[in-house]
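The values are calculated or read from the model by the stated rules, or taken from the named source; none is laboratory data. From a predicted model like this one, the values you see are computed outputs, not experimental measurements. With ideal geometry, Cβ positions are generated from the backbone for all residues, glycine too; neighbour counts draw on all protein chains shown.
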């Protein structure tokens, strides 16, 4: 399955993106792509931030069964954009602080649609 090519396209087409990771419900990497030497950080972010997204999803289900489309976590040195794919799978995109979040979200949603087709 071409998960890596989808991650590479997501990072390559998103200004300020340094990496993207596709993870399963346990936070284990299915595939990832990074433009910088930060694979370890990418996996750590994928594992921990997607747990946060799953908790938010659980809370939303308790409130009128709403679903989370994306979550942005802003940090001092980078931002993380998270999006659910399906069946507990998620995408996390690592962004430089100057990245345009709305552009990144749009590109991530295109990647989510592509990943869904491949699953």
Can you run down the residue pairs with Cβ atoms below 6 Å, 6 or more apart or on separate chains, where the first is in region 29-42 and at positive phi and surrounded by fewer than 16 Cβ atoms within 10 Å (Cβ to Cβ) and the partner is assigned to a strand (DSSP E or B) and modelled with pLDDT under 70?
none
Which of the residues spanning region 59-104 are surrounded by fewer than 18 Cβ atoms within 10 Å (Cβ to Cβ) and not in a loop (DSSP other than H, G, I, E, B)?
59, 60, 61, 62, 72, 73, 74, 101, 102, 103
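Yes/no matrix, rows are residues, columns are (1) farther than 20 Å from residue 28 by Cα; (2) out of contact with any strand residue (DSSP E or B) (no Cβ under 6 Å at 6 or more places or on another chain); (3) touching a residue at least 12 places away in the same chain (Cβ under 8 Å):
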position	(1), (2), (3)
57	no, yes, yes
82	no, no, yes
99	yes, yes, yes
104	yes, no, yes
107	yes, yes, yes
